[in-house]
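As structure tokens, the structure follows; a few thoughts come after it.
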Amino acid sequence: MKVTELPLPEPLKALTLQSGIAELYPPQQEAILAGVLEGKNLVLASPTASGKTLVSELCGIKHVLEKNGKVIYLAPLRALANEKFDEFQKYTVLTKPNGKRVNIGISTGDFDSSDPWLENYDIIVTTNEKADSLLRHRAKWMDSISLVVADEVHLLNEAERGPTLEVVLARLMQINPETQILALSATIGNVEEIAGWLKAQYVVTEWRPVTLKEGVLLHDEIQYKDGDAKKIEKKTKNAVINLALNTVKTGGQALVFASTRKNSATLAKNIADYMGEALSRPIKRTLEHEAEKILSTGERTRISEALAELIKCGTAFHHAGLAGAHRRLIEDLFRQGKIKVLAATPTLAFGVNLPARIVIIQDYRRYEAGYGYYPIAVLEYKQMAGRAGRPKYDKAGEAVLIAKTADEADYLMGSYILAKPERIWSRLAVEKIIRTHVLATVASDFAHTENGIYEFFAKTFYAYQYDVKAIRSIIAKILKYLYDQEMLEVDGENIYATKLGKRVSELYIDPASAVVIRDALKQKPAYLTDLSLLHLIAHTPDMGPIMRPYSQEYDEMAMLMEEHKEEFFTETPSEWEDRIAYEEFLGEIKTAMVLKNWIEEVSEDALIERFRVQPGDLYRIIESAKWMLYATHELATLLGDKEIPRLSFELVERVAKGIKKELLPIVKLEGVGRVRGRIIFNAGYKTIEDIKHAPLDSLTNLPLIGPRLAKKIKEQVGGFVKKDAWEKLEKGEEWKQKALTEFDA
């Protein structure tokens, strides 16, 4: 099927042809034949790189150009949302019937806002959680959504994110039953069931633009699914390293999945030791330059230094423990073909698009505390394997599992390569998960009677798979809990949210977290300190996994607990009466102490050294802490507290920047973070007024500042920059850069 034959506006056809697409891939053609461009709901399950994104783009732009529609694109991760936002930018050259250009918007943060500005955008890319938040705030523009694209819809099966996606889709269908739904996935075992729930057609295909060869490597030979076999040069005793080196020497890239963050870092280092002879001199020079970018991005730590050394060798590791800026740099370098081998944790398989000639799955087992090792799901294997093969670059992609024995090789072939992915099941019926959605149903005026609440949940995937009766008892229990905690009130048959209940729902926090905060405010500690509030938020369910102390940290955390017990909002548990609660409390103290050290401007490296916290974990805790401190501020204000709002508001800013109180005014300046802020302060410029009157060359000569940032800072504070002084500094900078370039050459 040719693009010129499609029922699309002519400017959209022309732009598609201009981008090099003249003919559709088979899965895209099947989607068109299934009526996706005619407004029919569709579940499209086809492999990675088979063209699902183009289907969503054509469908979305057609809605905007022909129906003056509004499109919402749901992504499970911020990184994926950013990627899709960038992909949609090419359509902003198109003009709508009203003469205005197509507008693309993105919103992935700030869960306490209806983002009314999004009303001005035609296509809005967002995460599932942000969409849920917008629905809770009853953003008016959401009533006019004409197309919902749900990317990675198989994540309905995921315990953490699945229920939110499920409720968002159910709510959007409730608001406007005429809204078109387009659900996308690479792998769905029970596609007909999801299609039935969404009242959709479905297309399932195994077609790929690049052939996928799946196999198992035992010792030095790969046995493929189709009966082929291939010998691998045995350079080391490690089969993964041998396979990765073989791929690089033949001009390809390897993506290696390791089971843990530590394993991914270790594997990248081990591969790097053998990469010298596989890289040409020009590539090595390029990589040296790219390694410098890692070191100049964010705070310099042992992790960034380790990454920089690996990048020099054409390898890197990628996991959730990395700083966001470093992850993005690594992804870009891999896409550009500069990084040859990337060792990653499996979360990458569900995130951004990073195809490689070969995908190597080092370990098919995962470790979980309390459960030990267990085999991964077939669905997870298929997601990883789907990353193999780069369209336009590779004739075939390979996905290879590593076996240690012949029996294990047989097991891997039968249990993964030849197996079908498991069915996707709703994960909604867990009290902790559904509690927040029950409150939101009432607080956001989606239902005001018990029967109305049941009617809404009858629209969920859970009710479609089982029956709403299966969760009636859980919902009834939650309603009683919310009533007892004064978040709901009853008037005859009608149920309403109280001011507290409505605010808790809008704040996008677990009602149980709100109860912890509210009850704590009733009886304050003897000494109210920064640590008091940091421990309080660490004590809430919404802080996520706390930082459990290692065995050698137990005594230190126990001493801190004793030393600071008069600062805590909650009673310290007894080690002998409740060991589990005691260990949990020590973890909360460790989490609070990490945050306290962070706002005392302890460096990332020192935090890694002392608490064995990784940058990615630190940023996760910081993000959660910012939100829970904000929620504490809002709840304390609502409840009429006079003391907590001031302290919590100040801590939100300090946690966001990782600074002492004295730097608060300075770090509000664009381009000034915790490190530059401290440099400026220590140089004697302690206030905005000091900076306003500081000589431009004095600021320029401070470490990490330079002329351009100095000028930008002066302009922000209203300081006067003399033209001749700026020209003199600018010329000096140009001369220095020229000298450095000549020296480098």
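The values are calculated or read from the model by the stated rules, or taken from the named source; none is laboratory data. Everything numeric here is computed off the predicted structure, so don't read it as measured data. A quick note on method: Cβ atoms are made from the backbone with ideal geometry, for glycine too, and the neighbour counts reach across all protein chains shown.
For the range 359-374, does any single residue satisfy the condition of being assigned by TED's automatic domain parsing to the domain that holds residue 254, among the hydrophobic types (A, V, I, L, M, F, W, C) and farther than 30 Å from residue 288 by Cα?
Looking through the range 359-374, at least one residue is assigned by TED's automatic domain parsing to the domain that holds residue 254, among the hydrophobic types (A, V, I, L, M, F, W, C) and farther than 30 Å from residue 288 by Cα.
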task: Taking residue 462 as the residue in question, decide whether it is among the aromatic types (Phe, Trp, Tyr) and without any contact (Cβ under 8 Å) to a residue 24 or more places away in the chain.
output: no
statement: Given the conditions (1) in contact with a Lys or Arg (Cβ under 6 Å, 6 or more places away or on another chain); (2) assigned by TED's automatic domain parsing to the domain that holds residue 393; (3) crowded, with 20+ Cβ neighbours inside 10 Å, every one holds for residue 243 apart from (1)
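Residue-wise test of (1) in the same structural domain as residue 249 (by TED's automatic domain parsing); (2) more than 29 Å from residue 155 (Cα to Cα); (3) among the charged types (D, E, K, R); (4) touching a Pro at 6+ places or on another chain (Cβ under 6 Å).
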| site | (1), (2), (3), (4) |
| --- | --- |
| 290 | yes, yes, yes, no |
| 297 | yes, yes, no, no |
| 301 | yes, yes, no, no |
| 321 | yes, no, no, no |
| 331 | yes, no, yes, no |
| 341 | yes, no, no, no |
| 345 | yes, no, no, no |
message: Name the single residue that is nearest to residue 312 (Cα to Cα) among those in the range 257-288 being basic (Lys, Arg) and in contact (Cβ under 8 Å) with a residue 12 or more places away in the chain.
response: 284
task: Pick out the one residue from 167, 148, 210 that is at pLDDT below 95 and either within 30 Å of residue 230 (Cβ to Cβ) or among the β-branched types (Val, Ile, Thr) (or both).
output: 210
- request: Inspect the range 524-541 for any residue being basic (Lys, Arg), farther than 17 Å from residue 588 by Cα, assigned to a helix (DSSP H, G or I) and outside the structural domain of residue 115 (by TED's automatic domain parsing) and give the result as yes or no.
  value: no
- prompt: What about residue 495, is it crowded, with 19+ Cβ neighbours inside 10 Å, over 18 Å from residue 634 (Cβ atoms), in contact with a strand residue (DSSP E or B) (Cβ under 7 Å, 6 or more places away or on another chain) and not assigned by TED's automatic domain parsing to the domain that holds residue 623?
  reply: yes
message: Contact list please: Cβ distance under 6 Å, first residue in the range 156-169 and among the small types (Gly, Ala, Ser), second residue surrounded by 19 or more Cβ atoms within 10 Å (Cβ to Cβ) and assigned to a loop (DSSP other than H, G, I, E, B), pairs at least six apart or on different chains.
response: 159/427; 162/427
Of all residues making up the range 1-57, the number that are of a type outside the set (Ser, Thr, Tyr) and part of a loop (DSSP other than H, G, I, E, B): 17
field: Only one of 410, 394 that is within 17 Å of residue 207 (Cα to Cα) and of a type in the set (Asp, Glu)
entry: 394
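Condition check: among the aromatic types (Phe, Trp, Tyr), in contact (Cβ under 8 Å) with a residue 12 or more places away in the chain and farther than 24 Å from residue 593 by Cα. Does residue 649 satisfy that?
no
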- prompt: When you go through 170, 195, 131 one by one, which is the residue that is in contact with a Ser or Thr (Cβ under 7 Å, 6 or more places away or on another chain), buried (at least 18 other Cβ atoms within 10 Å of the Cβ) and outside any strand (DSSP E or B)?
  reply: 170
field: Checklist (1) touching a residue at least 12 places away in the same chain (Cβ under 8 Å); (2) of a type outside the set (S, T, N, Q); (3) outside the structural domain of residue 27 (by TED's automatic domain parsing) applied to residue 199, failing item
entry: (3)
query: Scanning for something in contact with a helix residue (DSSP H, G or I) (Cβ under 7 Å, 6 or more places away or on another chain), in contact (Cβ under 8 Å) with a residue 40 or more places away in the chain and buried (at least 17 other Cβ atoms within 10 Å of the Cβ), does the range 78-90 turn up at least one residue?
result: no
- prompt: Tally time: how many residues in the range 83-109 are modelled with pLDDT of 90 or more and in a helix (DSSP H, G or I)?
  reply: 10
task: Please tell me if residue 480 is at pLDDT 95 or above, among the basic types (Lys, Arg) and outside the structural domain of residue 198 (by TED's automatic domain parsing).
output: yes
query: Restricting attention to the range 635-664, which residues are in contact with a Lys or Arg (Cβ under 6 Å, 6 or more places away or on another chain) and in a loop (DSSP other than H, G, I, E, B)?
result: 658, 659
Boolean, residue 552 is over 27 Å from residue 652 (Cα atoms), of a type outside the set (Asp, Glu) and not assigned by TED's automatic domain parsing to the domain that holds residue 485: yes
query: Does the range 267-275 contain any residue that is assigned by TED's automatic domain parsing to the domain that holds residue 344, at pLDDT 85 or above and among the polar types (S, T, N, Q)?
result: yes
task: Look through 188, 241, 181 and report the one residue that is at pLDDT below 95, among the β-branched types (Val, Ile, Thr) and outside any helix (DSSP H, G or I).
output: 188
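Per-residue answers, yes or no, for (1) under 23 Å from residue 261 (Cβ atoms); (2) β-branched (Val, Ile, Thr); (3) free of Cβ contacts under 8 Å to residues at least 60 places away in the same chain:
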site: 354; (1), (2), (3): yes, no, no
site: 357; (1), (2), (3): no, no, no
site: 365; (1), (2), (3): yes, no, no
site: 376; (1), (2), (3): yes, yes, yes
site: 381; (1), (2), (3): yes, no, yes
site: 387; (1), (2), (3): yes, no, no
site: 391; (1), (2), (3): no, no, no
site: 395; (1), (2), (3): no, no, no
site: 412; (1), (2), (3): no, no, no
query: Can you tell me which of 258, 229 is surrounded by fewer than 23 Cβ atoms within 10 Å (Cβ to Cβ) and of a type in the set (A, V, I, L, M)?
result: 229
message: Filter the range 416-454 down to the residues that are in a helix (DSSP H, G or I), within 32 Å of the chain's Cα centre (by Cα) and either exposed (fewer than 15 other Cβ atoms within 10 Å of the Cβ) or at positive phi (or both) and list them by number.
response: 431, 432
message: Quick test for you: out of 320, 325, 306, pick the one residue that is in contact (Cβ under 8 Å) with a residue 12 or more places away in the chain, surrounded by fewer than 21 Cβ atoms within 10 Å (Cβ to Cβ), in a helix (DSSP H, G or I) and within 20 Å of the chain's Cα centre (by Cα).
response: 325
